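Each remark here refers to the structure printed beneath this line.
The values are calculated or read from the model by the stated rules, or taken from the named source; none is laboratory data. These numbers come from a predicted model, not from an experiment. Note that each Cβ is placed from the backbone with ideal geometry, even for glycine, and that neighbours are counted across all protein chains shown. Remember, those area values only see protein heavy atoms, side chains included, never the ligands or the DNA or RNA. Shrake-Rupley method; radii C 1.70, N 1.55, O 1.52, S 1.80 Å.
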Amino acid sequence: MTDDLKDVVSELAQRMLVEWDVNSICTDVLIGFCDLMSDEALRAIDEHPRPHKKPHELLPGTRSGMAFFLPFNKEIVESNRGGRWASREWVEAYISVNRLAQRIGAVVSLAIGAAGEQARSVPPTGDFSEETLSSNWSHKLIGELCGLGHIGLHQMLITPAGCAGRLISLVTTAELEPSSRSDAQLCAYLRDESCVECIEACPVGAVRPDGFDAQACYRHCIANALRLPEMPLAEVCGKCAATRCALGPG
């Protein structure tokens, strides 16, 4: 079923990139699978720094996870480099690709259901506590387990296509062959401290070697959203994601 699902998701995503008129924002999709019942996956979930749901709490009988990353193109990234505030192009890309990712998650879940299994996707954003600034389901952690990449100093998932883009994950009762994973560190700072661009790019100093200030980051994201009242609420900044690793590993 793994190959069939890869074909379904890839074909669906590519078609919807055109149908949803976001081909000027995003032109590809990275897909990965993992065994959520493996000792490694369960240990990673248990050791997550914030409370994280167990797979069976999302969907009883869960066996596998699936994640896909929709990377922004070079023009979107370059529009958001420099300055204090998120570019309009970045905000529009965030909103549009979030909607696309959520729709793909829903349709893929239906396709899995038609194959006789169950699946559940989690929205790419918005499902979090404003008090703790954390969600009880981490798409980035699932993306790591599915072999899409590694989380960098800036707390973004760095994939072979970079970190600028949107990520969504789902769980399923289907048994899927896990994707291969690499131990290679994709964040240049965590690898050898050869890059500090995300630290320098953050307008509020939230990205630091000794930890990430989620409160400062969120306050700035809210301020960004309030600057564009005519647009759907998008609490986003993306300055740290428009740096050296935006379009590929640093």
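Explain nothing, just the number: relative contact order of region 143-201, from Cα pairs under 8 Å at least 6 residues apart, as a whole percent. Walk me through the numbers before you get to the answer.
Working: 57 pairs, mean separation 22.9, N = 59.
RCO, region 143-201: 39 percent.
For region 134-250, build the charge dipole from Cβ charges (+1 Lys, Arg; -1 Asp, Glu) around the Cα centre, then report which of A161, V236, N136 sits farthest towards its positive end.
Ranked along the dipole, the leading option is V236.
When averaged across all projection directions, what area in nm² does the alpha-carbon convex hull of the chain cover?
Values: hull surface 50.4 nm².
Spelled out: convex hull of the Cα atoms, projected over all directions, averaged, 12.6 nm².
How large, in Å, is region 26-106 by the Kirkwood hydrodynamic radius built from its alpha-carbon pairs? Show your work: numbers first, answer last.
On the way: mean 1/r = 0.0651 Å⁻¹.
Evaluated on region 26-106, it is 15.4 Å.
Quick one: how many Å² of V107 are accessible to a 1.4 Å probe, rounded to 10?
Only protein atoms counted, so the area is about 40 Å².
About the Cα centre of region 10-70, what is the dipole size in debye to 20, counting +1 per Lys and Arg Cβ and -1 per Asp and Glu Cβ, all else neutral? Display every interim value, and only then the final one.
Values: 6 positive and 10 negative charges, 41 e Å.
Charge dipole, region 10-70, about its Cα centre: 200 debye, nearest 20.
For all pairs of alpha-carbon atoms in region 152-246, what percent lies in each bin of width 10 Å, listed from the first bin to the last filled one?
14, 38, 30, 15, 3
Per DSSP H run of at least 4 residues, take -39500 (n - 2.57); add these up for the chain, divide by its residues and hand me the 222 nm value, nearest 500 deg cm²/dmol. Before the final figure, lay out the partial values.
On the way: 9 runs with 93 residues, N = 250.
So the calculated ellipticity at 222 nm is -11000 deg cm²/dmol.
Past 24 Å, Cα to Cα: identify those pairs from K54/K239; K53/K140; K74/K140, in the order given. Present the calculation step by step, with values, prior to reporting the outcome.
On the way: K54/K239 32 Å; K53/K140 14 Å; K74/K140 22 Å.
From K54/K239; K53/K140; K74/K140, over 24 Å: K54/K239.
Can you pull out the GluC sites (Glu not before Pro) in region 49-152 whose DSSP state is coil and whose Cβ has at most 10 other Cβ atoms within 10 Å? Intermediate results must be reported in sequence, preceding the final value.
Values: sites: E57, E75, E78, E89, E92, E117, E130, E131, E144; in loops: E117, E130, E131.
Sparse-neighbourhood loop GluC sites (Glu not before Pro): E130, E131.
Against the longest alpha carbon principal axis of the chain, how many degrees, from 0 to 90 and to the nearest 10, is the axis of helix 2-19 turned?
Value to nearest ten degrees: 40.
Can you give the accessible area per residue of region 164-226, in Å², using a 1.4 Å probe?
Working: 3140 Å² over 63 residues.
Per-residue value: 50 Å².
Can you give the relative contact order of the chain as a percent, counting alpha carbon pairs under 8 Å and 6+ residues apart?
Numbers: 470 pairs, mean separation 61.6, N = 250.
Taking the mean separation of contacting Cα pairs over the length of the chain, I get 25 percent.
Using only the Cα atoms, what convex hull volume per residue in Å³ does region 68-185 have?
Working: hull volume 15.0 nm³, N = 118.
Spelled out: Cα convex hull of region 68-185, divided by residues, is 127 Å³.
Hand me the GluC sites (Glu not before Pro) from region 164-250 located in a DSSP loop with no more than 15 other Cβ atoms within 10 Å, in residue order please. Mind dumping the intermediate values first?
Numbers: sites: E175, E193, E197, E200, E230, E235; in loops: E175, E193, E230, E235.
Passing sites in region 164-250 are E175, E193, E230.
As I understand it, the value is the acute angle between the Cα axis of helix 214-226 and the longest principal axis of the Cα atoms of the chain; what does it come to in degrees, rounded to 10?
It is inclined by approximately 80 degrees.
Measure nothing but the geometry: give the 0 to 90° angle between the long axis through the Cα atoms of 88-114 and the longest principal axis through the Cα atoms of the chain, rounded to 10°.
Helix 88-114 and the main axis of the chain meet at about 10 degrees.
Carbon and sulfur atoms: what percent of the 1.4 Å accessible area of the chain do they account for?
Details: 5650 of 11790 Å².
It is 48 percent, rounded to a whole number.
For R166, enumerate residues with amide H under 5 Å from its amide H, sequence gap 5+ or separate chain, H modeled in the peptide plane.
Result for R166 returns L70, F72.
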